[in-house]
Structures are given as structure tokens and as C-alpha cells.
1. When a/c is below 1.5 the answer is rounded, else prolate if a/b is larger than b/c, else oblate, so apply that to segment 26-77 with a ≥ b ≥ c taken from the square roots of the Cα gyration tensor eigenvalues.
2. Could you look at the chain and say what percent of its accessible area is carbon and sulfur, using a 1.4 Å probe and all protein chains?
3. Counting only protein chains, not ligands or nucleic acids, how are Phe3, Phe68 ordered by accessible area (probe 1.4 Å), most first?
4. Express the accessible area of the chain per residue in Å², computed with a 1.4 Å probe while the remaining protein chains stay in the model.
5. With n ≥ 4 as the cut-off for DSSP H runs, can you work out [θ] at 222 nm for the chain, using -39500 (n - 2.57) per run divided by the number of residues, rounded to the nearest 500?
6. Which value, in debye to the nearest 20, gives the size of the charge dipole of segment 1-77 about its Cα centre, when Lys and Arg are +1 and Asp and Glu are -1 at the Cβ?
7. Along the charge dipole of the chain, pointing to its positive end and built from +1/-1 on Cβ of Lys, Arg, Asp and Glu, which listed residue (Cys10, Ile58, Ile94) has its Cα farthest out?
8. For segment 6-117, divide the Cα radius of gyration by the Kirkwood radius and give the resulting Rg/Rh value with two decimals.
Amino acid sequence: TLFVRVRQQCKSALEIATKLSAHPSVTVLYPGLPSHPHHGVAAAQMEGGYGGMLSLRISGGRQSAIDFCSHLRVFHLATSLGGVESLAEHRASIEGETSPVPDDLVRLSVGIEDAKDL
């Protein structure tokens with residue numbers, strides 16, 4: 001089932017990235033978007049999609065990123081990769097004050113749910 005799961009994850013991740021990239025308070029980091037600085041490399045190297053992981057930079061800083069996570073309904077707040085369920089995490093909170101991860105960054109691991117549901 002791996003092929004079917006990865007195909008769905010890539011499809012949903014691209015849909016989510018595209019939709020959120022239009023929001024003025026969100027910067028989306030996803031190689032499937034033409035605006036990504038390494039989109040050309042990703043397009044040349046990746047077949048069948050650009051992966052199920054994306055990162056978001058939420059304007060307003062740490063608290064805005066945490067608030068964003070707290071308003072998610074389908075995404076589970078957890079640290080994991082590659083499962084069938086969609087997960088979100090505010091990595092800086094998990095790693096603590098010495099984390100090199102920006103305070104405004106939220107990482108999404110997109111599962112097999114339909115993008116419209118997420």
C-alpha cells in the first residue's frame with residue numbers, strides 16, 4: 001500500500017501548500033511550489049510528487065504559530081513522520097530554548113486524508 005499512500009500524501013500536501021501560499025500571514029516552504037527556491041531541482045529529481053512534508057512560517061512569531069496549531073481540527077499534534085494520519089508540530093516548543101528552528105515555524109506531515117478535510 002506504500003505507493004497508494006505516498007501518492008495521496010503528495011497530492012494532499014501540494015493542495016494544502018498551494019492554498020496556504022495564498023494566505024498573507026503564511027509563508028509555505030514546499031519544493032512542489034514554483035516559489036520555492038529549489039523547485040527546479042525538485043522537479044528534475046522527484047517523480048510522482050514532492051513529498052508529504054511541508055513547513056509553514058506563521059507571521060506574528062512563536063505565539064501565532066502555537067495558536068495556529070491549537071486551531072487545527074484534523075491534524076494531530078505529534079512528532080512523527082510518514083504515518084497515515086496528518087500531524088502538525090511546533091518544533092521549537094519541543095526542542096526548547098536552544099532550538100535552531102525558527103519560533104514561527106510549524107511542520108506538517110500530511111497523511112492520507114483528503115486535502116479538503118484537512
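1. Because a/c hits 1.5 or more and a/b fails to exceed b/c, segment 26-77 counts as oblate.
2. C and S atoms contribute 57 percent here.
3. Phe3, Phe68
4. On the way: 6990 Å² over 118 residues.
Averaged over the residues of the chain, the accessible area is 59 Å².
5. That comes out to -10500 deg cm²/dmol.
6. I would put it at about 140 debye.
7. So the residue furthest toward the plus end is Cys10.
8. Radius of gyration over Kirkwood radius for segment 6-117 works out to 0.95.
The values are calculated or read from the model by the stated rules, or taken from the named source; none is laboratory data. Nothing here was measured: the structure is a model prediction, and the numbers come from that model. Reconstructed Cβ throughout: ideal geometry from the backbone, glycine too, with neighbour counts over all protein chains shown. These accessible areas exclude ligands, DNA and RNA; they are computed on the full protein's heavy atoms, side chains included. Shrake-Rupley method; radii C 1.70, N 1.55, O 1.52, S 1.80 Å.
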